[in-house]
Amino acid sequence: MSASNGSGPGREAAVLAIDLGTTEVKVGLVSLDGRLLGLARAGYATDTDPTTGRAEQDSEAWWGAIGLAVRELVRAASGDVVAIGIDGHGPTLVAVDDAGRATHPAIIWQDTRATAEQAELAASTGLQGWSLAGLPAALWLERHEPAAAAATQWYLATWDFVAMRLTGLAATSLAAGQPFPDAATLDAAGVPGAKVPSAIGAGSVVGPLTGDAAAALGLRPGIPVVAGIVDAWASFHGGGMVRPGDAMDPGGSAGGFGVYWDRPLVVPGSFSTIAPLPGLYSVGGAMAATGRAVDWFRVEVLGGAATTATLIEEAGSIPAGADGAVFLPYLAGERSPLWDPSARGAFVGLALGHGRGHLTRAILEASAFAIRHVAESIVAAGAEVRTMRVCGGPA
């Protein structure tokens, strides 16, 4: 049986989960008791320019990849899709017209051109880091790409973009208690408040799957589409973080560290916000590229001469400390806890006796130390790490 057919006797109800990552979209069919019935994925490219800090993606490529992956999934997996859930990378800005079509390439979270705008908005709104979402990029677009800004009806997050393409409805999905500036505050700061859709709660229904979207994905129309959330918080849920002291590296291209605590903490360089679960606060930070560092080394430096599994096996034969080889993982600047877009990566301490196993080990150790770099100040501020989980490809 195919998930694209209507419901019927003997068909197991399932949720279609769409995870729009930085390098690929993963779609899964999940039973209502949490079993994975099927998984498919499709990738897309990032357009970068290190000299300007540009990092952009084609949101139409996202939509095409979602269609490919969902169609592959429903051909292979059995189940009746009763709801669609979404998460996505961020903070990323997707500027679209009233039909949900891009007016400018999506400005993804690796883009560093809006550093000045971020500082301005932090001063004018009182919000910091993640709480500003894609607003700094929106202010940058208003100033530097006036034609695209004039054509833009909505500024969306990645998960809100996917929801709009699925339902035809624009909304800003926010977790319970998540701070966000009102329209008047946005107008005063230079971002037209009318271009930011009304807020709805993450986990609520945005609307039904349209006929056109259903045809593109090979599904039946009318399936409820649920308002999404940033991928890191989705990973927290999926990893079973439910109590104070539960912590995680959500993996992905960036890497990061987050811990749930029973009260907000003031930690320079990290975020502290209400968690998606009642009575909890999420404290942590995301790096810029530690999750992609091994792939970068394998593809860009070694030319794809070895698989990731082979490199990790070789790294496992090298003693801790990589015989003195050290890697700084700042391949795309750094976010938490440095927040320095000009930071750059480096191998240090190289000697003739070092080989690719040593360098791979140094990269893996750098990722672990980057997590520690974020975690140390959070623990010093009063949080306690009682359990630690790792998720995603870097796990």
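What is the dipole size for region 244-358, taken about its Cα centre, with +1 at each Lys and Arg Cβ and -1 at each Asp and Glu Cβ, in debye to the nearest 20?
Rounded to the nearest 20 debye, it is 200 debye.
Considering only DSSP states other than H, G, I, E and B, which GluC sites (Glu not before Pro) in region 321-395 qualify as loop sites with at most 13 other Cβ atoms within 10 Å? If you can, show how the numbers build up before the last one.
Numbers: sites: 334, 365, 376, 384; in loops: 384.
Sites meeting the loop and neighbour criteria: 384.
Round to a whole angstrom and tell me the spacing of the C-alpha centers of region 16-91 and region 275-311.
Between the Cα centre of region 16-91 and that of region 275-311, the gap is 17 Å.
Can you give me the long-range amide H partners of residue 275? Hydrogens built in the peptide plane at 1.01 Å from N, cutoff under 5 Å, separation of 5 or more residues or another chain.
Amide H neighbours of residue 275: 280, 281, 282.
Quick one: order 59, 124 from most to least accessible surface, probe 1.4 Å.
From most accessible down to least: 124, 59.
Could you calculate the contour length gain from residue 388 to residue 344, that is, 0.36 nm times the residue separation minus the distance between their Cα atoms, to one decimal place in nm?
Details: separation 44, 0.36 × 44 = 15.84 nm, distance 2.82 nm.
Answer, rounded to one decimal: 13.0 nm.
If amide H atoms are built 1.01 Å from N in the plane of the peptide, which residues on other chains or at least 5 residues away come under 5 Å of the amide H of residue 37?
29, 30, 31
Which stretch or stretches of region 109-151 have amide N atoms under 13 Å from the point lying 7 Å from residue 49's Cα along the Cα→Cβ direction?
Counting backbone N atoms under 13 Å from the label point, the list is 112-113, 145.
Once amide H atoms are placed 1.01 Å from N in the peptide plane, what residues at a sequence separation of 5 or more from residue 251, or on another chain, have their amide H within under 5 Å of its amide H?
Those qualifying (amide H under 5 Å, at least 5 residues apart or on another chain) are 256, 391.
With a Förster radius of 30 Å, plug the Cβ-Cβ distance of residue 39 and residue 120 into 1/(1 + (r/R0)^6) and report the FRET value to the nearest 0.05.
Working from the Cβ atoms, E equals 0.10.
How far, in nm, would the chain grow between residue 309 and residue 376 when pulled straight, counting 0.36 nm per residue and subtracting the alpha carbon separation?
Values: separation 67, 0.36 × 67 = 24.12 nm, distance 3.01 nm.
Gain on extension, residue 309 to residue 376, equals 21.1 nm.
What percent antiparallel are the DSSP beta bridges of the chain, to the nearest 5? Don't jump to the answer; show the numbers that get you there.
Working: 43 of 62 bridges.
Here the antiparallel bridges make up roughly 70 percent for the chain.
³J(HN,Hα) across region 197-203 via Karplus (A = 6.51, B = -1.76, C = 1.60, θ = phi - 60°), whole Hz, x for Gly/Pro?
Each residue's phi maps through the Karplus curve to give x, 4, 7, 10, x, 4, x Hz.
What distance in nm lies between label points placed 7 Å from Cα along the C-beta direction at residue 212 and residue 60?
Going by the 7 Å Cα→Cβ label model, 1.3 nm.
The values are calculated or read from the model by the stated rules, or taken from the named source; none is laboratory data. Predicted model, so just to flag it, every value in this text is computed and none were measured. Here Cβ is always computed from backbone atoms with ideal geometry, including for glycine, and neighbour counts include all displayed protein chains. Keep in mind that these areas ignore ligands, DNA and RNA; they rest on the heavy atoms of the full protein, side chains included. Shrake-Rupley method; radii C 1.70, N 1.55, O 1.52, S 1.80 Å.
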